[in-house]
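The values are calculated or read from the model by the stated rules, or taken from the named source; none is laboratory data. Worth saying up front: this structure is predicted, and the values here are computed from it rather than measured. Virtual Cβ from ideal backbone geometry, glycine too; neighbours counted across all protein chains shown.
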Ligand code: 8YV
């Protein structure tokens, strides 16, 4: 009888995914509280590993898994936590969960755009604190999205969906992308420009880049100087795209209008300077956190495992 395949879920996989893994496999769960030390032990002898953005997958983990390892299935579309070279050197396939979270993440970017522009969290806090003393024409004023210029930094799947969702606001679009995206130019009248021009002209700057050495701190002290003092910055990509101290300082000094952020460097810590900064809407990395998207992500993780362990091609390989 052939041996059971060992699938190690380093933290958590939703039931929708577990249901597809089948009883013929051995499935081990680390749980949300598991530590890097636990992971090194758990992976021993694994045929497949399920990771997520909080689990760095590097040479040490791969070596601890050993030579049976065939697949790292990342429970996310972003895979900056995975050392792709180390996986390739060991012949380990890497997969992610694209498409199924595009709508959910784009919707959160829209929500953050509006919430930050109108500073909904501060208004809500003020109401709850009993500070609302009646109608005041000068109070609680924010920025209006209608008719504004929206800069989409990174016109991939999520950036495009975000742009499409804003159509009803009659906005103009600028975008950056490694290559021209004819579809969005035709569909939305979007203009491809360099980053500096986008930052100088946009009323809203929404980041949809993957995190790597080139994109680290795309928004920093210098690039913020190019932005309008009323600009709204939105980040649903990765925390590393933004120098949070520079953003917090610019907000405090009135050199930036507002920020809606879902991701942070060093999660789950949130840079304290952001917590103290005015006009910030901060959410805890919930871009894909809808019932539908998370279930479909979990299913895609499982489908990749089933295919690769059966010796077939992965459904959504990376690289
Ligand atoms: C979360 C994401 O990381 O897919 C990504 O890249 O950032 C989000 O979907 C994911 O939900 C955590 O598992």
Residue 91: within 23 Å of residue 307 (Cα to Cα) and either within 11 Å of the ligand (Cβ to nearest atom) or not in a helix (DSSP H, G or I) (or both), yes or no?
yes
Give me the helices (runs of 4 or more DSSP H) completely within the range 99-167, filtered to those with at least 2 residues that are surrounded by 20 or more Cβ atoms within 10 Å (Cβ to Cβ) and in contact with a strand residue (DSSP E or B) (Cβ under 6 Å, 6 or more places away or on another chain), ordered by residue number.
102-117, 157-165
Does residue 77 satisfy the condition of being in contact (Cβ under 8 Å) with a residue 40 or more places away in the chain, within 16 Å of the ligand (Cβ to nearest atom), buried (at least 19 other Cβ atoms within 10 Å of the Cβ) and under 24 Å from the mean Cα position of the chain (by Cα)?
yes
Complete set of residues in the range 192-221 that are buried (at least 16 other Cβ atoms within 10 Å of the Cβ) and more than 17 Å from residue 235 (Cα to Cα)
192, 193, 200, 201
From 294, 303, 312, grab the single residue that is within 14 Å of the ligand (Cβ to nearest atom) and over 20 Å from residue 239 (Cα atoms).
294
For the range 197-247, give me each residue that is away from the ligand (no atom under 16 Å from the Cβ) and within 26 Å of residue 289 (Cα to Cα).
204, 205, 216, 217, 218, 219, 232, 233, 243, 244, 247
May I ask you to say which residue of 257, 170 is within 21 Å of residue 111 (Cα to Cα), outside the structural domain of residue 77 (by TED's automatic domain parsing) and out of contact with any strand residue (DSSP E or B) (no Cβ under 9 Å at 6 or more places or on another chain)?
170
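On the basis of being within 16 Å of the ligand (Cβ to nearest atom) and modelled with pLDDT of 95 or more, does residue 98 make the cut?
Details: within 16 Å of the ligand (Cβ to nearest atom): yes; modelled with pLDDT of 95 or more: yes.
Yes; evaluated as a whole, the condition is true for this residue.
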